[in-house]
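What follows is a single structure, written as structure tokens, with notes after it.
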Amino acid sequence: MPSTPSGAVNLKQTINHRFSTGAMILFVLGVAVSWFILFRFNAWFFSGIQITFFINWIFLPAAIRMLAVMVGGWAGVMGLFLGAVVTNLEQLRYEPFNIVILAGLSALGPLVAVQLCTRWLQLPSDLAGLKRSQLLVFAVAGAVFITFPHNLYFYFTGLSPDAWSGIVPMFVGDLVGTLIVLYLASFSLKLFAKTAQT
């Protein structure tokens, strides 16, 4: 049986690498755009219960944080960072340092939460077999690792008069927003599966 020429193997590897790189770029951009759109929708739809530009009693984009990292890992982190930079520009146009730091906190918090929950719940790296009750654990962890670093940063940089007044609404907003989106997605997938079977 003739062997495959090394040049053909290298070409195949190059094509596969470019495809995976292209897919990653599309994923990053998709996360960033999704974050931006959902952020603007949330600010408009829940404007009556918004505390500040960064804090709302219901914050649907929080689900994008968790889903992006759970699905895409570091690609999700990059997409979240890019999306957060764009949304922060509206409020912190002349404060590039705050824009970058807050975007970093928004992107890295979910990564820490997902990694800790994956180890604690002893789940495989692809999160296969994830149950609804475990989704709640991920949602709570995500809210914790976003809420506390953000509020501490708001306080030490003068963006907030204290370090605690924003903790409860931000935690509740992230948790409720994440659960709403995750459970709606879960319900939609089950409904779609039943429809496809009939």
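The residues of region 20-63 that are assigned to a loop (DSSP other than H, G, I, E, B), free of Cβ contacts under 8 Å to residues at least 60 places away in the same chain and over 19 Å from LEU89 (Cβ atoms) amount to a single one, PHE46. Taking each residue of region 96-109 that is closer than 13 Å to MET78 by Cβ and looking for partners that are of a type in the set (Ser, Thr, Tyr) with beta-carbon atoms closer than 6 Å, six or more apart or interchain, yields nothing. Annotation: LEU116 fulfils all but one of (1) under 28 Å from SER20 (Cβ atoms); (2) of a type in the set (A, V, I, L, M); (3) open to solvent by less than 60 Å² (accessible area, probe 1.4 Å); the unmet one is (3).
Any residue that is in a helix (DSSP H, G or I), open to solvent by 70 Å² or more (accessible area, probe 1.4 Å) and either more than 27 Å from PHE154 (Cα to Cα) or out of contact with any helix residue (DSSP H, G or I) (no Cβ under 9 Å at 6 or more places or on another chain) (or both) - is there at least one of those in region 66-77? Among the residues of region 66-77, at least one is in a helix (DSSP H, G or I), open to solvent by 70 Å² or more (accessible area, probe 1.4 Å) and either more than 27 Å from PHE154 (Cα to Cα) or out of contact with any helix residue (DSSP H, G or I) (no Cβ under 9 Å at 6 or more places or on another chain) (or both), which makes the answer yes.
Out of the residues in region 21-52 meeting the condition of being surrounded by 10 or more Cβ atoms within 10 Å (Cβ to Cβ) and among the small types (Gly, Ala, Ser), tell me which one is modelled with the lowest pLDDT. Break it down stepwise before answering.
Step one: filter region 21-52 for residues surrounded by 10 or more Cβ atoms within 10 Å (Cβ to Cβ), giving 21-43, 45-46, 49-52.
Those still in the list that are among the small types (Gly, Ala, Ser) too: 22-23, 30, 32, 34, 43.
Working: GLY22: 84, ALA23: 87, GLY30: 96, ALA32: 97, SER34: 95, ALA43: 94.
So the residue we want is GLY22.
Take the conditions (1) in contact with a Phe, Trp or Tyr (Cβ under 7 Å, 6 or more places away or on another chain); (2) modelled with pLDDT under 95; THR147 misses just one of them, which is (2).
The values are calculated or read from the model by the stated rules, or taken from the named source; none is laboratory data. Here the structure is a predicted model, which means the values were calculated and not measured. We place every Cβ from the backbone using ideal geometry, glycine too, and count neighbours over all the protein chains shown. These accessible areas exclude ligands, DNA and RNA; they are computed on the full protein's heavy atoms, side chains included. Shrake-Rupley method; radii C 1.70, N 1.55, O 1.52, S 1.80 Å.
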